[in-house]
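The values are calculated or read from the model by the stated rules, or taken from the named source; none is laboratory data. Predicted model only: the values in this text are computed from it and were never measured. Note that each Cβ is placed from the backbone with ideal geometry, even for glycine, and that neighbours are counted across all protein chains shown.
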Amino acid sequence: MTTHGTASADLLRWQRFVAVGDSFTEGLWDTPHGEDGPIRGWADVLAGHLSARRRAAGAAPLRYANLAVRGRLLRPIVADQLPEALALQPDLVSLVGGGNDILRPGSDPDVLARGLERAVVRVREAGADVLLATGFDSAGSPLVSATRPKVGVYNAHIWSIARRHGAHVLDLWGMRHLRDIRMWAPDRIHLTSEAHARVAQGALVALGLPPDDPAWDEPLAPQPRLPRAEQARQDARWVRLYAYPWATRRLRGRSSGDTRAPKLPDLTEV
């Protein structure tokens, strides 16, 4: 349990925050200025909250970089993004990856966890704090639910890694609002803008800081179930527009982020 005084000290100690990872941290589907506008995401929102609180405390604004790229597996995140992140001399690093690996047949959460732990050790030896995140609970998802046992094992490793090395954990698995389909983008794999904003509140809590909204994880009000025929039409549309193209890319060894560069590679005042 973090006391208020310790939380305030942590807030002022974190001057340079660097996020690494995949589409979740890049912020895919969070486009608050319209579909053609820049994407944002939970890490960007978190950086804004941390910077605003620093300013309110009379400190300099937070400097922030986001090196995450959609589609990245854990190994490229650790091999490519992490050295660039550490070169920026951060005092807080969010390190979230492994979800894309787990979606692939034959993946081993134990192997992934060993790679993640080595990365956490590198960050901690560099003197920075680490924010990890568990995987989502995919119960009810027609595409992803088959990976639920692997995600559960990986999550157990993440909590153990955090305990051993003093890392913070963003508990995505336990977030009640994420069990609602309305928190998910049309592709049913990424989050909506509202969900990203709520996850950012959860990240504040994971860092030992009070949320801006105490009800950030309250479930949405229930809605009537769709008629079976309408649900079938929506499912067929999802398969055609999202599931089939996604599976085709995987079979061809391609990723939506193959030619993309990080959206915010340099530390910038928030």
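Return the pairs, sorted by first residue and then second, in which the second residue is surrounded by fewer than 22 Cβ atoms within 10 Å (Cβ to Cβ) and assigned to a loop (DSSP other than H, G, I, E, B), the first residue lies in the stretch 115-142 and is touching a residue at least 24 places away in the same chain (Cβ under 8 Å) and charged (D, E, K, R), the beta carbons are less than 6 Å apart, and the residues are 6+ apart or on different chains.
D137/W173
Here are some conditions: (1) under 27 Å from V69 (Cβ atoms); (2) in contact (Cβ under 8 Å) with a residue 40 or more places away in the chain; (3) of a type outside the set (G, A, S). D171 meets all but one. Which one does it not meet?
Every listed condition holds for D171 apart from (2).
Any idea how many residues of the stretch 35-46 are surrounded by fewer than 16 Cβ atoms within 10 Å (Cβ to Cβ) and of a type in the set (D, E)?
So the count comes out to 2.
Looking at (1) surrounded by 15 or more Cβ atoms within 10 Å (Cβ to Cβ); (2) closer than 19 Å to A139 by Cα; (3) without any contact (Cβ under 8 Å) to a residue 24 or more places away in the chain, which is the one condition that is false for A232?
Here A232 meets the rest and fails (1).
Evaluate the stretch 226-248: report whether one residue or more is under 17 Å from the mean Cα position of the chain (by Cα) and either among the basic types (K, R) or in a loop (DSSP other than H, G, I, E, B) (or both).
Checked the stretch 226-248: no residue is under 17 Å from the mean Cα position of the chain (by Cα) and either among the basic types (K, R) or in a loop (DSSP other than H, G, I, E, B) (or both).
Within the stretch 62-77, which residues are over 24 Å from Q15 (Cβ atoms) and among the hydrophobic types (A, V, I, L, M, F, W, C)?
V69, L73, L74
Considering every residue within the stretch 45-67, establish whether at least one is within 13 Å of the chain's Cα centre (by Cα), over 22 Å from A146 (Cβ atoms) and outside any helix (DSSP H, G or I).
Checked the stretch 45-67: at least one residue is within 13 Å of the chain's Cα centre (by Cα), over 22 Å from A146 (Cβ atoms) and outside any helix (DSSP H, G or I).
Of everything in the stretch 8-30 that's within 16 Å of the chain's Cα centre (by Cα) and in a loop (DSSP other than H, G, I, E, B), which residue is farthest from A195 (Cα to Cα)?
Filtering first and then ranking leaves D22.
Please state which of the following conditions P32 fails to meet, knowing it meets all the rest: (1) at negative phi; (2) buried (at least 23 other Cβ atoms within 10 Å of the Cβ).
(2)
Which one of these is touching a helix residue (DSSP H, G or I) at 6+ places or on another chain (Cβ under 7 Å), at pLDDT 95 or above and not β-branched (V, I, T): R163, R124, R114?
R124
Out of the residues in the stretch 47-69 that are within 15 Å of A197 (Cβ to Cβ) and in contact with a strand residue (DSSP E or B) (Cβ under 8 Å, 6 or more places away or on another chain), state the one that is surrounded by the fewest Cβ atoms within 10 Å (Cβ to Cβ).
Per the criteria, the residue is L50.
Considering only residues of the stretch 202-223 that are free of Cβ contacts under 8 Å to residues at least 40 places away in the same chain and under 17 Å from the mean Cα position of the chain (by Cα), which is farthest from H168 (Cα to Cα)?
Here the residue is W216.
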